[in-house]
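So the structure is just underneath, and the comments pick up after that.
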Amino acid sequence: MDKLKRCGEVVRKTKETDIYISLEIDGKGDAQIDTGIGFFDHMLTALSVHSGISMTVKVKGDLHVDCHHTIEDTGIALGQALSQALGSKSGIVRYGTAFIPMDEALAMCSLDISNRPFLVFDCEFTNQSCGSYDLCMTEEFFRAFAFNAGITLHIRLLYGSNDHHKAEAVYKAAAHALKTAVSLNQDGSTLSTKGVL
């Protein structure tokens, strides 16, 4: 981890996807996103803008199959890039919780950047998809992201009727919780009774 800039960069190439991700935690939330899935681009842009984490995400995936590999592998690479940028994870606030409304929908995210990856995902969608984005992949994205970033991640959709609004509330809640958790604490100490994360 660069002591001056908390940055991460990941290149991931498989037979299913070709991914490049770079991010800067202390950026301005500048987003350059191109995954080939319009609604997913919209969600990742919201994640970047609302977390304040500048991201470049370029993905070429086997979309002729479906969106699964593209979305899951992006979660893997994004989690790896965030973990790289955080280094030992010392000196961060570590915890973050946010409730975010999106019109009639309300979502909650609570997370711990703990090196103990876990996902609790309690969200129900009505339809199969938004555009070419399969809504069931929302859980798969956050699982891949959490497990590769070392985050205990709880997401709950409290209510809502429009699936676009519900998904967007989920991504924005994760963004705002993440923004708090990655911020630096006052004395640079590791917030753990163990002394390390």
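Laid out as a table, the results:
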| item | result |
| --- | --- |
| Long-range neighbours under 6 Å by Cβ, at least six apart or interchain, first residue more than 20 Å from Ile155 (Cβ to Cβ) within the range 83-102, second part of a strand (DSSP E or B) and of a type in the set (Val, Ile, Thr) | Lys89/Ile113 |
| Residues being out of contact with any helix residue (DSSP H, G or I) (no Cβ under 9 Å at 6 or more places or on another chain) and more than 17 Å from Ser132 (Cα to Cα) - total across the range 33-57 | 1 |
| 3 or more residues over 14 Å from the mean Cα position of the chain (by Cα): qualifying strands (runs of 3 or more DSSP E) within the range 100-197 | 105-113, 151-159 |
| Every pair of residues 6+ apart whose Cβ atoms lie under 6 Å, when the first sits in the range 149-173 and is in contact (Cβ under 8 Å) with a residue 40 or more places away in the chain while the second is charged (D, E, K, R) and not in a helix (DSSP H, G or I) | Thr152/Asp112; Thr152/Arg116; Arg156/Asp122; Gly160/Glu104; Ser161/Glu104; His165/Asp103 |
| Per-region count, the range 109-125, residues surrounded by fewer than 20 Cβ atoms within 10 Å (Cβ to Cβ) and of a type in the set (A, V, I, L, M) | 2 |
| Counted residues, the range 163-197 - those being at pLDDT 95 or above and of a type in the set (Ser, Thr, Tyr) | 3 |
| Within the range 81-100, tally of residues that are over 20 Å from Glu24 (Cα atoms) and out of contact with any Lys or Arg (no Cβ under 9 Å at 6 or more places or on another chain) | 2 |
| Extreme residue, modelled with the highest pLDDT, among residues of the range 77-99 that are aliphatic (A, V, I, L, M) and in a strand (DSSP E or B) | Ala98 |
| Test: residue in the range 86-97 that is under 28 Å from Val10 (Cα atoms), surrounded by fewer than 15 Cβ atoms within 10 Å (Cβ to Cβ) and not basic (Lys, Arg) | yes |
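The values are calculated or read from the model by the stated rules, or taken from the named source; none is laboratory data. Nothing here was measured: the structure is a model prediction, and the numbers come from that model. For neighbour counting, all protein chains shown are included, and Cβ atoms are generated from backbone atoms with ideal geometry for every residue, glycine included.
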